[in-house]
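Structure record follows, encoded as structure tokens.
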Amino acid sequence: MRSLWKTLGSGPLRDIALVCLAVGVIGVSYGAVATTSGFAWWFPVLMGALVLAASSEFLFIGIVAAGGSPIAALLAGLLVNARHLPFGLAVPDVLGRGWRGLLGTHLMNDETVVFALSQDGMHRKRAAYWACGLGILACWPAGAALGALLGTVVRDTGALGLDAMFPAVILALILPAMKERAVRRTALAGAALALAVTAFVPVGLPVLIALAALPLCTVRSREGAVR
């Protein structure tokens, strides 16, 4: 911990801690929803540790609970997690090799990649990636376990509003970057795309479709460089 503090400083570590806390809170909602949908208490905990991908896990639980095929739920989860392919291309040097690379791949998600890419220098990138990844690996299954126990007591888990915390924390983290015009326009275009298709595609896919707005950021950045 002292090494991470020395490498990253208090600011990035605070942001990582907030995101891990938010992930844990969403894990509570996930575990509660899974239990009230008829799954055994241990199922969301096991899924949380082995899959470690909130959107695909929520999607799997929702499809199976609605009477869908587990195979269809599995394929839908794999489709949602297709975003990890470009993630892997973005941080190959951060993951390492051998068993470390295998564990690093398991820890790969939106948050770990974002924190890694936001740091300067490979040493800081790796520190941020592993701090966030290990934090989420601890908080997500733990939150799911707490939620599974909560789900046996509270039947209407949606009334708790636990799923609102994660988007709020992410929004607070990205607000400073929104000062740049190119980033702001790209983010708004991506949000518009996601909202436009939300009613027509499965959960998780709107985020993938929003990535179609990324070329706008590149184009704007090049225009600014030319000027």
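Below is a table of values for the structure above.
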quantity	calculated
Enumeration of residues in the range 103-134 that are hydroxyl-bearing (Ser, Thr, Tyr) and either over 15 Å from the mean Cα position of the chain (by Cα) or buried (at least 18 other Cβ atoms within 10 Å of the Cβ) (or both)	112, 118, 129
Complete set of residues in the range 43-53 that are open to solvent by 50 Å² or more (accessible area, probe 1.4 Å) and not β-branched (Val, Ile, Thr)	46, 50
Enumeration of residues in the range 153-205 that are surrounded by 12 or more Cβ atoms within 10 Å (Cβ to Cβ), at pLDDT below 65 and outside any helix (DSSP H, G or I)	203, 204
Output for the range 59-74, where each listed residue is of a type in the set (A, V, I, L, M, F, W, C) and surrounded by 12 or more Cβ atoms within 10 Å (Cβ to Cβ)	59, 60, 61, 63, 64, 65, 72, 73, 74
Unmet criterion (only one of (1) surrounded by fewer than 22 Cβ atoms within 10 Å (Cβ to Cβ); (2) under 16 Å from the mean Cα position of the chain (by Cα)) for residue 40	(2)
Unique residue being polar (S, T, N, Q) and either open to solvent by less than 20 Å² (accessible area, probe 1.4 Å) or within 15 Å of residue 114 (Cβ to Cβ) (or both) when the list is 3, 56	56
Failed criterion for residue 102 (all others in (1) free of Cβ contacts under 8 Å to residues at least 24 places away in the same chain; (2) touching a Phe, Trp or Tyr at 6+ places or on another chain (Cβ under 8 Å) hold)	(2)
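The values are calculated or read from the model by the stated rules, or taken from the named source; none is laboratory data. Keep in mind that this is a model prediction, so the values were computed, not measured. Positions of Cβ are backbone-derived with ideal geometry, glycine not excepted, and every protein chain shown enters the neighbour counts. Accessible surface is based on the protein model in full, side chains and every heavy atom, while ligands, DNA and RNA are left aside. Shrake-Rupley method; radii C 1.70, N 1.55, O 1.52, S 1.80 Å.
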